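What follows is a set of notes on a single structure, which appears directly below.
The values are calculated or read from the model by the stated rules, or taken from the named source; none is laboratory data. This structure is a prediction, so every number in the text was calculated from the model and none was measured. Ideal geometry is used to build each Cβ from the backbone, glycine not excepted, and the neighbour counts take in all protein chains shown.
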Amino acid sequence: MAKRCSISGRSILYWLITCAMSALSMQLEVVAQTPTPEVNGIRTTDAPGVVAEYTDLYDEVDEFWQQQFASLGMSYQSPQIIEVTRRVETSCGFMGPETRNAIYCPNGQEIILFPIFMESQRASYKDYGPVLILAHEWAHHAQHLARVPDYGGNTFGLQADCLAGAFSQYAEHQGWLEKGDITEALSQAESLGDPQFFPQDSPGAHGTYSDRRNSVMRGMLDGLPGCNFPNGNKGNPTDLSTQSPPTRVPTRTPQTPTPTAENFPDGPLPDPRLPTTLPLAHASCFGIVDDGTMTFSQVLDRFSGIPDASTRLQGWGWQDSAFRQFGCDGPPRGEAGWIEVNVYGFGSASAAAEAVDFFAAVRLEGSPLHYAEAPAVGDTAVALTGPASNGTEFTIYASAGPWLVRVTGVSPSGNPPVANVRDVAAAVLNAQQTTDATSGPVPNVPQSPPNRPSSSYLPSAPEVPHADCFRTQGSGPNRYQDVAAAFARAGAGPDAIETYGWQDGAWIVFTCGDPPPGRAHQIDVSIHQFRDAPSARQAASVVENFQTPGAHESRDCGVTGPLVICVTGYARSGMPAADVRFVLNQVRR
């Protein structure tokens with residue numbers, strides 16, 4: 001490690017942070033124009049890849065937390081670091097390299113790093129960018145080991161920011177920080193704030209840009225004691241898992257249905273249908289911020305502290321959940337700047353109606369919201385309103401048939417966006433009731449919906465000479481947000497997903513433990529469906545560039561009607577081009 005003059009002491013660090021904040025408040029662009037020295041005090045290696053490059057950094061963050069847990073009398077275990085350069089299975093599920101984030105998976109105690117995202121942080125915030133990202137995810141690992149409960153909202157994420165700042169304080173005391181590192185860290189914390197108008201009690205919320213910046217500063221100044229970490233004041237160790245969570249008993253308590261056969265339909269519900277555009281006058285202002293599906297456990301996480309939540313959801317015959325979030329930076333006065341749509345499928349209409357009361361009551365308890373008059377939407381509707389970050393929230397929970405829809409809107413003007421939320425909720429409920437995809441387009445949902453979902457074209461097994469060796473490792477949908485980002489990275493522009501008329505997509509992964517030499521040990525199939533065959537042909541070359549094959553990897557794509565089908569093969573030696581071609585021809589038949 002290079003020797004350098006170390007600045008220590010809380011007062012000097014405070015002065016450095018104050019100077020950094022002054023520079024940020026005058027002109028944030030200055031950060032990008034003030035490079036730090038080529039070699040940072042946080043050591044890296046010359047080996048390729050994110051994991052190899054930051055090996056020494058992992059050791060230093062790990063050593064920091066070993067020391068903290070030892071001083072607090074608590075046991076510590078190092079996390080596993082996983083670098084995602086291709087689609088792999090983690091304890092959080094399958095993930096691909098296109099993810100623009102870093103993730104901690106508590107079940108497997110895994111920190112998941114994505115090279116594309118890490119390099120983008122380094123490009124934007126110089127050499128300290130990846131350091132703060134890693135320190136934040138490692139802080140989530142420390143929270144997991146210390147059994148810090150996550151009751152939803154942004155508190156959990158902001159504590160991780162503070163703990164990342166505490167590591168930065170430790171790094172400064174070790175003489176590792178250089179001129180510009182603090183400015184980089186604070187600028188990065190601001191940039192990673194939740195989108196404007198994002199409800200701060202939403203699952204996954206991390207805090208506004210000022211919240212995140214201030215939390216990192218608190219950790220830099222005060223270390224663990226300033227972060228309210230268990231025993232951060234070096235008191236007696238406390239197991240937070242034994243403490244009672246905040247009281248969140250629903251103010252309305254619907255009867256828990258008894259699970260019976262009549263609660264469940266003869267077959268599964270169709271997939272929830274989410275809008276790609278909103279039925280609002282200022283719809284062009286909105287962009288999709290995030291979307292995805294939710295597992296039963298993820299839905300249950302929204303009801304932490306409610307002992308019978310699992311029983312209720314199962315009794316109501318919960319089947320499926322999906323969400324999509326829209327953000328608009330400059331909405332007209334009195335209109336929503338944030339819209340979040342959640343769709344839940346249940347076993348019967350009566351179950352969905354009962355769930356409306358329960359969902360609303362749980363959200364209400366302990367929040368600044370209150371009941372409001374609900375517009376006439378669906379079969380049953382309950383409305384909540386109140387203050388939200390950067391504005392006023394209006395939320396409708398409504399059911400129609402076996403579907404429950406929650407639509408939340410936040411307006412920055414102070415007036416609740418009642419009409420916006422009502423119109424979106426009505427359109428989304430109507431879309432769920434339109435189960436015949438051939439009956440024509442449904443207003444305000446994807447136009448010309450595909451007659452068959454992309455998942456129906458996926459193969460059940462790869463037709464290759466060593467097919468008996470393969471097993472299915474996972475499958476799922478291609479998320480709208482990820483596909484839009486992939487189009488942008490491929491140079492097609494941020495609006496290409498709409499220009500080409502992307503409809504839906506799906507993927508499946510097959511793996512073989514002992515393939516013949518030179519043959520594939522993993523085969524990935526990804527299908528993207530577009531509005532028509534000409535659109536698919538135009539998009540094909542861009543989709544093929546979504547992924548660049550590396551050593552011992554082969555990739556090929558083809559067009560069949562409105563489908564673009566891509567197959568990627570991975571071998572331990574040689575090139576699995578023949579296996580890729582076998583499977584591509586199989587799917588195109």
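Consider region 103-162 and keep the residues that are of a type in the set (D, E, K, R) and in a helix (DSSP H, G or I). The one that is modelled with the lowest pLDDT is LYS126.
Screening CYS92 on (1) touching a residue at least 60 places away in the same chain (Cβ under 8 Å); (2) within 25 Å of PHE229 (Cβ to Cβ) shows it passes everything except condition (1). The numbered conditions (1) more than 18 Å from GLU463 (Cβ to Cβ); (2) touching a residue at least 24 places away in the same chain (Cβ under 8 Å); (3) hydrophobic (A, V, I, L, M, F, W, C) are all true for ILE527 except (1).
The residue pairs whose first member lies in region 359-381 and is within 23 Å of ALA400 (Cα to Cα), whose second member is in a loop (DSSP other than H, G, I, E, B) and of a type in the set (Ser, Thr, Tyr), and whose beta carbons are closer than 7 Å, counting only pairs six or more residues apart or on different chains, are ALA361/THR251; LEU364/THR251. A search for C-beta distances below 9 Å between a residue of region 481-497 that is closer than 20 Å to LEU274 by Cβ and any residue that is among the charged types (D, E, K, R) and in a helix (DSSP H, G or I), counting only pairs 6+ apart in sequence or on different chains, returns ALA484/GLU498. Does PRO257 count as part of a loop (DSSP other than H, G, I, E, B), at pLDDT below 70, crowded, with 18+ Cβ neighbours inside 10 Å and more than 19 Å from the chain's Cα centre (by Cα)? It is true that PRO257 is part of a loop (DSSP other than H, G, I, E, B), at pLDDT below 70, crowded, with 18+ Cβ neighbours inside 10 Å and more than 19 Å from the chain's Cα centre (by Cα).
For region 89-105, a tally of residues being crowded, with 18+ Cβ neighbours inside 10 Å and closer than 16 Å to GLN473 by Cα returns 2. Determine whether ILE508 is of a type in the set (A, V, I, L, M, F, W, C), under 21 Å from GLU463 (Cβ atoms) and assigned by TED's automatic domain parsing to the domain that holds PRO459. Considered against the rule, which asks whether it is of a type in the set (A, V, I, L, M, F, W, C), under 21 Å from GLU463 (Cβ atoms) and assigned by TED's automatic domain parsing to the domain that holds PRO459, ILE508 comes out as yes.
Of the residues making up region 390-411, those that are part of a loop (DSSP other than H, G, I, E, B) and surrounded by 23 or more Cβ atoms within 10 Å (Cβ to Cβ) number 1. In region 306-313 there is at least one residue that is small (Gly, Ala, Ser), surrounded by fewer than 16 Cβ atoms within 10 Å (Cβ to Cβ), modelled with pLDDT of 75 or more and closer than 17 Å to PHE346 by Cβ. Selection of region 570-589 for residues being in a helix (DSSP H, G or I) and either surrounded by fewer than 16 Cβ atoms within 10 Å (Cβ to Cβ) or among the aliphatic types (A, V, I, L, M) (or both) yields ALA577, ALA578, VAL580, VAL583, LEU584, ASN585, VAL587, ARG588. Return the residues of region 278-288 that are surrounded by fewer than 20 Cβ atoms within 10 Å (Cβ to Cβ) and under 28 Å from ALA349 (Cβ atoms); say none if nothing qualifies. Within region 278-288, just PRO279 meets the criteria.
In this structure, ALA425 does satisfy being buried (at least 24 other Cβ atoms within 10 Å of the Cβ), of a type outside the set (Ser, Thr, Tyr) and modelled with pLDDT of 90 or more.
Can you find a residue that is over 16 Å from HIS141 (Cα atoms), of a type in the set (A, V, I, L, M), in a loop (DSSP other than H, G, I, E, B) and modelled with pLDDT of 80 or more anywhere in region 82-91? Within region 82-91 (the criterion being over 16 Å from HIS141 (Cα atoms), of a type in the set (A, V, I, L, M), in a loop (DSSP other than H, G, I, E, B) and modelled with pLDDT of 80 or more), the answer is yes, since at least one residue qualifies. Scanning for something within 16 Å of the chain's Cα centre (by Cα) and either aromatic (Phe, Trp, Tyr) or not assigned by TED's automatic domain parsing to the domain that holds GLY474 (or both), does region 62-74 turn up at least one residue? Within region 62-74, not a single residue is within 16 Å of the chain's Cα centre (by Cα) and either aromatic (Phe, Trp, Tyr) or not assigned by TED's automatic domain parsing to the domain that holds GLY474 (or both). If you go through region 335-382 and keep only what is at pLDDT 90 or above and among the polar types (S, T, N, Q), you end up with just ASN342. If you check ALA551, ALA536, ALA571, ALA577 for being in the same structural domain as ASP504 (by TED's automatic domain parsing) and closer than 18 Å to ASP504 by Cβ, only one passes: ALA536. Residues in region 506-537 that are outside any loop (DSSP other than H, G, I, E, B) and surrounded by fewer than 17 Cβ atoms within 10 Å (Cβ to Cβ): ALA533, PRO534, ARG537.
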